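Peer 1: Below you'll find the structure I mean.
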Amino acid sequence: MTTIGMLHHRKDPTTVLKSYAFAAVAKVEGVDFFYFTPKSVNFTRKTILAQVYENGAWYEKECPFPDVIYNAGSPEKLAVSKDIIGKLRKEIPFTTNSIGNKWNVAKRLLAYKDFAKYIIPTEIIQKTETVHQHLAKYPTIAFKPIDGRKGKGIYFISKEGTSYTVKHNSTVTKYTKTQLDALLAQQLATGTFIVQPYIRSVTKSGLVFDFRLHVQKNGDGNWVVTTVYPRVAPAGSLIPNINNGGYTNYLEPFLQQEFAEQAYDLKRTLEHFSLSLARHLEHIQIQEFGELIDEIGVDVGLDQNMRLWIYEVNWRPGCPPTFYLELDVVKNTIRYAKYLADNKQVLAKARQAKRVHKAQQQEQLVTKPIAKSQVRPSDMPIIAITGSAGKTTTKAFLSSILRTKWSTFESKDYWNTTEHTKKHAMELANGYEAAVLEYGMAYKGVITEHCRILKPTMSIVTNVGLAHVGNFDGDVKQVALAKSELIQGMDQHGVLVINKDDFNSNYLTLKQFKGKIITVGIHSDADYRAYNVRYKEDGMTFKIKLRGKEISLFIPILGEHHVYNALNAIALADYLQFSPQEIKQGLVFKKPPRRLTLYHCKRAITLIDDTVHSHPQGVKAAIDVLSSIAKRRKVAIIGQMRELGDLREAEYKKVGEYITEQGIDIFITYGFRTEEMNAAAKAKGFNPKNMYHFTNKEQLHDLLEKIIKQGDTILIKGASKTNMFETVKFLADLYEGK
């Protein structure tokens, strides 16, 4: 008998209405079904502590791994458990996978061309001027959040003479240009928005409508139409979404009423379009990710010329209760899950198709190098950042500033390998005005390869530290030579920023460089020097002189070391003629996740999450933050630092001594050989009663549950491969909310 596991981010299945429908239909279909969350998975025993529905109630039961998993949770909420979910994917087929937000779907369809003509022209907004450029082209535009759902957060804007009419929900407001720009800036500070022309579908009576196309895989693994139906907005509204007061109707009578003799052909067109698009999107998902999808909902409209436009694609669409189709939807999902469980070669073929596609792309890159004129405008700044620490944060600061007036390409998250740079090189032809990229390296010659693929016109070396020093025979001078490959590989008449306070940066090779060198610092007389550096709640303040005037700045991230990252960005932005106001605005950026992120919890407990990278320099900086912001007890939980080679023992000793010098109250280490830090702290005078060491995370968590007190500030620091974020999540769940 097939077993299906429903994966969700919520612990309690009674809060997920879909779980009941699945449990009921599974029994009828002769399928075992249970509900679970990532935290309930035990990989050692291949079991899950699941919830099973029996006799009208949910019961906890330990179950073997299922044959197939239906992924029903929020991607954002499940992201904290991505390592667990990644392991599950390797062992168990998933019926469906995220196809991304509306912007990602549009980009994929444009790239693969077949359905590009149905995509409404869309642009991510990086400056308010973009909105005005669209208003010059179109009578009405839609300004909406990139990850918006259910029609929420959409502003419809039109220009009338010198004023602007803005419709949001049911409110219509008149704005001046200054007022509109203030509104746009306020919204842009909350997240990423897109802008597109507003294309209306209107009934004969003047009501706005669209069509929802809902398609699924069936028990034979084929795409079928579950339903197609119109959604009609209430009078005066521009949004036909059901959650905004819209209503539904049956398709055929609606088409007969609105389109008469064209009704039958339009019905066939909508059905054919929905199936064709579903097959096309799955083809893209297989080629790009080796994954399958089993259900999509597509919202489409018709303009006055009867041209079809895609408004939005959802990978987990809701089904309106008006049509009593919830059980039909679940029936299709369960039958397809059974099909997938019985035909696991389907997923294997998808993964093989991805490998073949990627190999073909790689071959094209090798055999057909991209000409410079095809990649970017010749005067486009290509800014590369390397260094032992601070690359991602410097990139985030600089990109945020440049976006105040330029369309800026920023390398994603921690994408900094040479393979990533090859992908970035292909993307830079898409109308950007600047690019900010990380060039990572762990060995000699890697940065040279980065520069061969994409030659920077400007570069930043944040610092030279001990990250990866184990790959250089423990010699930091060799690390500096490897970092110097960026200086040698960039435009020799370009601009280079280096850290004057960083002693090891003296080992960088600068003699042959003919361009401009700019220095930054706090404790040295650098070209761009920060002073009066102060800790504030959730950030840092400092002063700097720009163009002869003193200005005060704030960055929303803690630690003096992040002031250096901000200085790197300020130096290049100032060189590129960005105003002090644009720099000030850009510094209030969306910081990278898990980098000195604060969680304010119950009982006045504060968590400091710094669990992405770990090296001696970063550990000491994080301890400084703990010492600076803690009001009561200071608790430091320190995990392994990797790739230190022969320097591990000496650097672990320095960290242990630093813990004592900074007056930490409780010191906990986790991981192989980290007890060497404890020994050094003890030798320095740290009270052994307040010191602990673990190699088992569950035992660590048991201790924390016993010893954490009201008002404690807790630093969790470790390399991402040690999964220290699990401890952050444990404590955040334990002391959830204020």
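The values are calculated or read from the model by the stated rules, or taken from the named source; none is laboratory data. Values in this document were obtained by computation on a predicted structure and should not be read as measured data. Positions of Cβ are backbone-derived with ideal geometry, glycine not excepted, and every protein chain shown enters the neighbour counts.
Peer 1: Considering only residues that are under 29 Å from residue 647 (Cα atoms) and β-branched (Val, Ile, Thr), which ones fall in region 598-617?
Peer 2: Matches in region 598-617: 608, 611, 612.
Peer 1: Any residue at all in region 172-194 that's β-branched (Val, Ile, Thr), surrounded by fewer than 16 Cβ atoms within 10 Å (Cβ to Cβ), out of contact with any His (no Cβ under 7 Å at 6 or more places or on another chain) and within 13 Å of residue 156 (Cβ to Cβ)? Can you show your working first?
Peer 2: Residues of region 172-194 that are β-branched (Val, Ile, Thr), as a first pass: 172-173, 176, 178, 190, 192, 194.
So of that shortlist, the ones also surrounded by fewer than 16 Cβ atoms within 10 Å (Cβ to Cβ) come out as 172-173, 176, 178, 190, 192.
Remaining after also requiring out of contact with any His (no Cβ under 7 Å at 6 or more places or on another chain): 172-173, 176, 178, 190, 192.
With the extra rule that they be within 13 Å of residue 156 (Cβ to Cβ), the set shrinks to 172-173.
Yes, that holds for at least one residue.
Peer 1: Further question: Can you tell which of 390, 474, 431, 465 is modelled with pLDDT under 90, of a type in the set (Gly, Ala, Ser) and touching a Leu at 6+ places or on another chain (Cβ under 6 Å)?
Peer 2: Step by step, each of 390, 474, 431, 465 is checked, and only 474 is modelled with pLDDT under 90, of a type in the set (Gly, Ala, Ser) and touching a Leu at 6+ places or on another chain (Cβ under 6 Å).
Peer 1: Same structure again: Looking at residue 599, is it within 22 Å of the chain's Cα centre (by Cα) and surrounded by fewer than 21 Cβ atoms within 10 Å (Cβ to Cβ)?
Peer 2: yes
Peer 1: Where in region 279-377 are there helices (runs of 4 or more DSSP H), lying fully within it, with 2 or more residues that are surrounded by fewer than 13 Cβ atoms within 10 Å (Cβ to Cβ) and at pLDDT below 80?
Peer 2: Once the helices (runs of 4 or more DSSP H) in region 279-377 are filtered for at least 2 residues that are surrounded by fewer than 13 Cβ atoms within 10 Å (Cβ to Cβ) and at pLDDT below 80, what remains is 345-367, 372-375.
Peer 1: In addition: If you check 619, 563, which single one turns out to be of a type in the set (Val, Ile, Thr) and in the same structural domain as residue 670 (by TED's automatic domain parsing)? If you could, list the steps in order and put the result at the bottom.
Peer 2: Values: 563 fails: in the same structural domain as residue 670 (by TED's automatic domain parsing).
Of 619, 563, the one residue that is of a type in the set (Val, Ile, Thr) and in the same structural domain as residue 670 (by TED's automatic domain parsing) is 619.
Peer 1: Oh, and also: Restricting attention to region 167-179, does a residue exist that is assigned to a strand (DSSP E or B) and under 24 Å from residue 304 (Cβ atoms)?
Peer 2: The answer is yes; a qualifying residue exists.
Peer 1: May I ask you to list the residues in region 575-591 that are surrounded by fewer than 20 Cβ atoms within 10 Å (Cβ to Cβ) and over 25 Å from the mean Cα position of the chain (by Cα)?
Peer 2: 575, 576, 577, 579, 580, 581 - these are the residues of region 575-591 that are surrounded by fewer than 20 Cβ atoms within 10 Å (Cβ to Cβ) and over 25 Å from the mean Cα position of the chain (by Cα).
Peer 1: Could you check region 83-110 and list, in sequence order, the residues that are within 13 Å of residue 280 (Cα to Cα) and either touching a residue at least 60 places away in the same chain (Cβ under 8 Å) or surrounded by 16 or more Cβ atoms within 10 Å (Cβ to Cβ) (or both)? Reasoning before the result, please.
Peer 2: The first filter runs over region 83-110 and keeps only residues within 13 Å of residue 280 (Cα to Cα), leaving 99, 105-106, 108-110.
Within region 83-110, 99, 105, 106, 108, 109 qualify.
Peer 1: Of all the strands (runs of 3 or more DSSP E) wholly in region 642-738, which have at least 2 residues that are over 31 Å from the mean Cα position of the chain (by Cα) and either free of Cβ contacts under 8 Å to residues at least 60 places away in the same chain or surrounded by fewer than 21 Cβ atoms within 10 Å (Cβ to Cβ) (or both)?
Peer 2: Strands (runs of 3 or more DSSP E) meeting the threshold: 666-670, 691-694.
Peer 1: Something else now. What are the residue pairs meeting all of these: first residue in region 118-134, first residue farther than 16 Å from residue 409 by Cα, second residue assigned to a loop (DSSP other than H, G, I, E, B), Cβ atoms under 8 Å, and 6 or more apart or on different chains?
Peer 2: 120/199; 129/405; 131/125
The rows are residues; the columns are (1) of a type in the set (A, V, I, L, M); (2) within 22 Å of residue 109 (Cβ to Cβ); (3) loosely packed, with under 15 Cβ neighbours inside 10 Å.
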residue: 223; (1), (2), (3): no, yes, no
residue: 228; (1), (2), (3): yes, yes, no
residue: 233; (1), (2), (3): yes, no, no
residue: 249; (1), (2), (3): no, no, no
residue: 271; (1), (2), (3): no, yes, no
residue: 274; (1), (2), (3): no, yes, no
residue: 277; (1), (2), (3): yes, yes, no
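Peer 1: Additional query: Is there any pair linking a residue in region 467-480 that is on the phi > 0 side of the Ramachandran plot to one that is part of a helix (DSSP H, G or I), with Cβ under 8 Å and at least six apart or on different chains, and which?
Peer 2: Listed pairs, sorted by first residue: 468/479; 473/645; 473/646; 474/645; 474/646; 474/647.
Peer 1: Let me ask another. Residues that are touching a residue at least 12 places away in the same chain (Cβ under 8 Å), in a helix (DSSP H, G or I) and not basic (Lys, Arg): does region 64-75 have at least one?
Peer 2: yes
Peer 1: State the number of residues belonging to region 13-53 that are assigned to a strand (DSSP E or B), buried (at least 17 other Cβ atoms within 10 Å of the Cβ) and not aliphatic (A, V, I, L, M).
Peer 2: Counting residues in region 13-53 that are assigned to a strand (DSSP E or B), buried (at least 17 other Cβ atoms within 10 Å of the Cβ) and not aliphatic (A, V, I, L, M) gives 6.
Peer 1: Scanning for something crowded, with 17+ Cβ neighbours inside 10 Å, among the aromatic types (Phe, Trp, Tyr), outside the structural domain of residue 405 (by TED's automatic domain parsing) and under 24 Å from residue 101 (Cβ atoms), does region 144-159 turn up at least one residue?
Peer 2: Yes, there is a match, as at least one residue in region 144-159 is crowded, with 17+ Cβ neighbours inside 10 Å, among the aromatic types (Phe, Trp, Tyr), outside the structural domain of residue 405 (by TED's automatic domain parsing) and under 24 Å from residue 101 (Cβ atoms).
Peer 1: What is the number of the single condition among (1) closer than 30 Å to residue 127 by Cβ; (2) modelled with pLDDT under 90 that residue 174 does not meet?
Peer 2: (2)
Peer 1: While we're here: Taking the residues in region 118-135 that are in a helix (DSSP H, G or I) and either touching a strand residue (DSSP E or B) at 6+ places or on another chain (Cβ under 8 Å) or modelled with pLDDT under 85 (or both) as candidates, determine which candidate is nearest to residue 314 (Cα to Cα). Working first, answer last.
Peer 2: Of all residues in region 118-135, those in a helix (DSSP H, G or I) come to 118, 129-135.
With the extra rule that they be either touching a strand residue (DSSP E or B) at 6+ places or on another chain (Cβ under 8 Å) or modelled with pLDDT under 85 (or both), the set shrinks to 118, 130-131, 134-135.
Details: 118: 16, 130: 26, 131: 25, 134: 26, 135: 28 Å.
Per the criteria, the residue is 118.
Peer 1: For the condition touching a residue at least 40 places away in the same chain (Cβ under 8 Å) and aromatic (Phe, Trp, Tyr), what is the one hit in 531, 575?
Peer 2: Answer to the selection: 575.
Peer 1: Please go through region 398-419 and give me each residue that is closer than 26 Å to residue 469 by Cβ and touching a residue at least 12 places away in the same chain (Cβ under 8 Å), ordered by number.
Peer 2: Matches in region 398-419: 411, 413, 414, 415, 416, 417, 418.
Peer 1: Go over the candidates 196, 216, 262 one by one and state the one that is farther than 30 Å from residue 133 by Cβ and at pLDDT below 90.
Peer 2: 262
Peer 1: Further question: In region 422-470, what count of residues is obtained for those that are surrounded by fewer than 24 Cβ atoms within 10 Å (Cβ to Cβ) and assigned to a helix (DSSP H, G or I)?
Peer 2: Total satisfying the criteria: 13.
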